[in-house]
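Working notes, structure below.
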Amino acid sequence: ESASVILSKPELPEVVITDPPPVCYPATADLGAPGIKEGSTSGLTYTYWTDIQATTELETPAKVPDGIYYIKGTTASGFFDIKPVKVTVRQPPSSNAGPDQNISNQFNSILEAELGESESGIWFSDSDKIMFKDVTDPQTEVTYLSSGNNVLSWIVTNGVCPADTDNVTITVGDPVIPTFISPNGD
């Protein structure tokens, strides 16, 4: 008499990846952090790789720089799933408010600030009279400048790193009136 053997189809594991939130350089990401593999099949053994074929092991999965990596989850019986994880490490912003300006007899100007990738900026002035057409536009129009020096701040952030500020000075002066009279009187 022989015992019957029932073979069941193996349950294939599923690795579910949630990319870690962006960090600011020189910080790195920890691929073992809670939440990254949440929702994956339970009981998997995880390994970390630099390629989808899982041929080059990731040396430091707890401290990875910007890039795409692969997490492989393997069951006790050897079945596995492998999925990519994207790590974003942002460079600190470097604010550039544009060149200083000297203008005569007008009280408005167009600003010439710059924005980098994934950055946003906002204009600021200590003067409650100065108006910006769009405080978030690097090349906005500024109006109601005062005579003399007007210092405007361009504050830039990328949502992860500390903000960076640069100032631009717009000097509003009177037009230059020549004081030299030539010998023939003009």
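The values are calculated or read from the model by the stated rules, or taken from the named source; none is laboratory data. All figures in this text were calculated on a predicted structure; none of them were measured in a lab. FYI the Cβ positions are ideal-geometry reconstructions off the backbone, even for glycines, and counts take in every protein chain you see. Heavy atoms of the whole protein, side chains included, go into the accessibility calculation; ligands, DNA and RNA do not. Shrake-Rupley method; radii C 1.70, N 1.55, O 1.52, S 1.80 Å.
Listed by first and then second residue, the pairs with beta-carbon distance under 7 Å, at least 6 apart or on different chains, first residue in segment 120-141 and under 21 Å from Pro92 (Cα atoms), second open to solvent by 80 Å² or more (accessible area, probe 1.4 Å) and among the charged types (D, E, K, R), are Pro138/Glu114. Among the residues of segment 60-87, just one is touching a residue at least 40 places away in the same chain (Cβ under 8 Å), polar (S, T, N, Q) and surrounded by fewer than 15 Cβ atoms within 10 Å (Cβ to Cβ), namely Ser77. Answer yes if at least one residue in segment 50-59 is exposed (fewer than 15 other Cβ atoms within 10 Å of the Cβ), assigned to a loop (DSSP other than H, G, I, E, B), among the aliphatic types (A, V, I, L, M) and out of contact with any His (no Cβ under 6 Å at 6 or more places or on another chain), and no otherwise. Within segment 50-59, one or more residues are exposed (fewer than 15 other Cβ atoms within 10 Å of the Cβ), assigned to a loop (DSSP other than H, G, I, E, B), among the aliphatic types (A, V, I, L, M) and out of contact with any His (no Cβ under 6 Å at 6 or more places or on another chain). Pairs linking a residue in segment 10-25 that is closer than 30 Å to Ser94 by Cβ to a residue that is of a type in the set (Lys, Arg) and open to solvent by less than 80 Å² (accessible area, probe 1.4 Å), with Cβ atoms under 7 Å and 6 or more positions apart or on different chains, are Pro22/Arg90; Cys24/Arg90; Tyr25/Arg90.
Answer yes or no as to whether Val135 is modelled with pLDDT of 95 or more, among the hydrophobic types (A, V, I, L, M, F, W, C), more than 30 Å from Asp174 (Cα to Cα) and surrounded by 13 or more Cβ atoms within 10 Å (Cβ to Cβ). Judged against the criteria, Val135 is not a match. Of the residues that make up segment 103-111, is at least one of a type in the set (A, V, I, L, M, F, W, C), free of Cβ contacts under 8 Å to residues at least 60 places away in the same chain, out of contact with any Pro (no Cβ under 7 Å at 6 or more places or on another chain) and open to solvent by 80 Å² or more (accessible area, probe 1.4 Å)? Looking through segment 103-111, at least one residue is of a type in the set (A, V, I, L, M, F, W, C), free of Cβ contacts under 8 Å to residues at least 60 places away in the same chain, out of contact with any Pro (no Cβ under 7 Å at 6 or more places or on another chain) and open to solvent by 80 Å² or more (accessible area, probe 1.4 Å).
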